[in-house]
Every structure is written in C-alpha cells, then in structure tokens.
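First up is the structure itself, then whatever we jot down about it.
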Amino acid sequence: MNDTAFEARVAGLRARIEGVLDAALALPDAATPRLRAAMRYGTLGGDKRLRPLLVYASGTALDAPLEVLDAPAAAVEMIHAYSLIHDDLPAMDDDELRRGQPACHRAFDEPTALLAGDALQARAFEVLSQQDGVDAAVQLAMIRELATAIGTDGMAGGQAIDLEAVGRTLDLAMLEHMHRRKTGALLRASVLLGAIAAGVGSGERHDALARYGTEIGLAFQIQDDILDVAGSTATLGKTSGSDAAHAKPTYPGLLGLEESARLARAARDRALAALAPLGDAAAELARLAHYVVSREH
C-alpha cells in the first residue's frame, strides 16, 4: 500500500467514525441539552482517531466488514474521549487546552465535564451491547476486553500509578509498567476489539495482535512523552511541557530524548515483527505502527 492509498484509506475511515460517533451521540433524551453538548464537544471533531483506526485495521485484516466494526470503533473512541475529559480536570492534570480548543471543563464547567465523561463511558458499553446481528458471546467478549483495559489492570490503574509518582523518580521497569497500563492497555484493546468482532478471540492470530497492540501502546506513550518536551502547544493542540510542570515521571526525564526515541522505535519494531502470522493482510496495521512513532501531535 503506497502513501497516497494509505492516506486516502485513513481519511475515509476517519470520516466514517465521525459519522458513527455523531449518530451515537445524537441522544434525543440526554437529560439536559448541556450534558449532550458537552459529550459531543469532548468527542466529535477529533484528529488522530488512532483507536478506531486500529479497530478497523485489525478487523479488516481478519475479513470483518466495516459495519461490524463500527460499534467497537465508536465505543473505544468514546472511552478515550471520556478519559481525556477527566484527565484535564483540575483534580487531575488541570489542563486548559485539548485539541487546540478549551478543555471540556473550561468550555462548560467542572461538574458538567465530570458528568459528560461518566455518560460517555456508559454510552460506550451501551453501544457495544446493542449491535444487531452480532452473537451475544462476541458482544460479551468485547465488553470484557474493554472493561479490563480501562479498569485497575489498565487505564485507571495506570493513572493511579502516575498520580502517586508525581515528584518521584521511577526506574525504567516501573515507568514501562505505568505506561503499559495508563495508555497502552486501551490501544491493545482497540486492536483486540477488531479481532474479536471478526470472530478471532483466541489462537495464533489473536495472540499476534495482542503482542502488536502491547508494543504499539508502549511506543505511542513514549512518543507522547517525547512530544511533550519537543513539540509546541500550537502543534500538539494541548499545553506542551505539562509533564515537567507537574513533575511527572517520563521517558525523556529519565533517559533523555535520544534514548527515548530509540526505545519507541524498538517497541515499534517488536510490533511489526508480531504481525508476521497475518502476512500481507496486516499492511494497514504496519503503517499505523510507523505512524505512532513518526507523528508530531
């Protein structure tokens, strides 16, 4: 797949997930128009959409039609949006910018942002459970995969480690452990949701995709750490240097930029090696792995 074809494919999938999310968040009875507006504000108009792209890429590599992948792609992006809304709150990272615009709690208010995040998390599981024509066992497996990825074994646990580590120096093993939970678990789940939706919930290909997802999850967070140091606020769409300002442990803080970049590339290479059992069908996943460590925002 050449660059032009890949970019066109990504653009098409980004437009597709935007439409799916728009429909999922129409919510004619959302309790209050303000809550619905906050949910949509925090979710729609995103840029990378990496997590839905991973769902689509892994699912189509296993011959799943896009229609079957829409629900898990939307669910994982709503979970991601909820996590960003909550991360930006004053009680957490206290960030004022997200995607180049005021964070949700700045555009609305803190209680509304908190409720919007809660409602997005609930809506994600509702969407996963309401797929027509999908076997109940497959739905349950996807719900379990996503729930595990965002609980104490995944995102929430990683964020808890991150909060307790403020002002401390973590060794490399603990830093990797934190990143694999905080960010990596949801990226790994994105890959596996596509596989499960395609009917591949175990076996060689499933295990290969699990390894791939684990490694790109780590590579993504290392690159995020690098960009927080080397990127600009205008390019990132959020405040640069916030990790250092909050005295958070990061790869560049521990190892420097050059060694951090080397480790990100090494994780990418392990991800690429994991794709061998899928052959040419994994071309999109391979391109996404390269994107993860070459992106500038």
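Brief remarks follow.
- Matching option when the condition is touching an Asp or Glu at 6+ places or on another chain (Cβ under 8 Å), in a helix (DSSP H, G or I) and either open to solvent by less than 10 Å² (accessible area, probe 1.4 Å) or basic (Lys, Arg) (or both), among 120, 209, 218: 218
- Residues located in the stretch 108-117, provided they are open to solvent by less than 50 Å² (accessible area, probe 1.4 Å) and within 28 Å of residue 71 (Cα to Cα): 108, 112, 113, 116, 117
- Among (1) crowded, with 24+ Cβ neighbours inside 10 Å; (2) more than 28 Å from residue 213 (Cα to Cα); (3) without any contact (Cβ under 8 Å) to a residue 60 or more places away in the chain; (4) not polar (S, T, N, Q) - the single one residue 91 does not satisfy: (1)
- Residues that are surrounded by 15 or more Cβ atoms within 10 Å (Cβ to Cβ) and part of a loop (DSSP other than H, G, I, E, B) were ranked within the stretch 248-262; the one that is modelled with the highest pLDDT is 250.
- Criterion violated by residue 123 - all others in (1) under 15 Å from residue 27 (Cβ atoms); (2) free of Cβ contacts under 8 Å to residues at least 24 places away in the same chain satisfied: (2)
- Against the criterion of being at positive phi, assigned to a loop (DSSP other than H, G, I, E, B) and surrounded by fewer than 24 Cβ atoms within 10 Å (Cβ to Cβ), residue 132 does not qualify.
- Pairing residues of the stretch 193-209 that are over 16 Å from residue 56 (Cα atoms) with residues that are among the hydrophobic types (A, V, I, L, M, F, W, C) and assigned to a helix (DSSP H, G or I), at Cβ distances under 6 Å and at least 6 apart in sequence or on separate chains, gives 208/274.
- Considering the stretch 49-109, the qualifying helices (runs of 4 or more DSSP H), each wholly inside and each with 1 or more residues that are among the acidic types (Asp, Glu) and under 19 Å from residue 148 (Cα atoms), run over 66-87.
- Residues located in the stretch 160-177, provided they are open to solvent by 50 Å² or more (accessible area, probe 1.4 Å) and assigned to a loop (DSSP other than H, G, I, E, B): 166, 167, 168, 169, 171
- Scanning the stretch 165-202 for residues that are modelled with pLDDT of 95 or more and at positive phi yields one hit, 199.
- Single residue of the stretch 42-63 satisfying the filter (among the small types (Gly, Ala, Ser) and open to solvent by less than 10 Å² (accessible area, probe 1.4 Å)) that is farthest from the chain's Cα centre (by Cα): 59
- Single unsatisfied condition, residue 151 versus (1) out of contact with any helix residue (DSSP H, G or I) (no Cβ under 8 Å at 6 or more places or on another chain); (2) open to solvent by less than 60 Å² (accessible area, probe 1.4 Å): (1)
- Output for the stretch 178-200, where each listed residue is out of contact with any Asp or Glu (no Cβ under 9 Å at 6 or more places or on another chain), of a type outside the set (D, E, K, R) and either open to solvent by 10 Å² or more (accessible area, probe 1.4 Å) or not in a helix (DSSP H, G or I) (or both): 197, 200
- Of the criteria (1) over 17 Å from residue 69 (Cβ atoms); (2) of a type in the set (A, V, I, L, M, F, W, C); (3) surrounded by 15 or more Cβ atoms within 10 Å (Cβ to Cβ), which one residue 31 fails: (3)
The values are calculated or read from the model by the stated rules, or taken from the named source; none is laboratory data. Worth saying up front: this structure is predicted, and the values here are computed from it rather than measured. Please note: Cβ atoms are built from the backbone with ideal geometry, for glycine as well, and neighbour counts cover all protein chains shown. These accessible areas exclude ligands, DNA and RNA; they are computed on the full protein's heavy atoms, side chains included. Shrake-Rupley method; radii C 1.70, N 1.55, O 1.52, S 1.80 Å.
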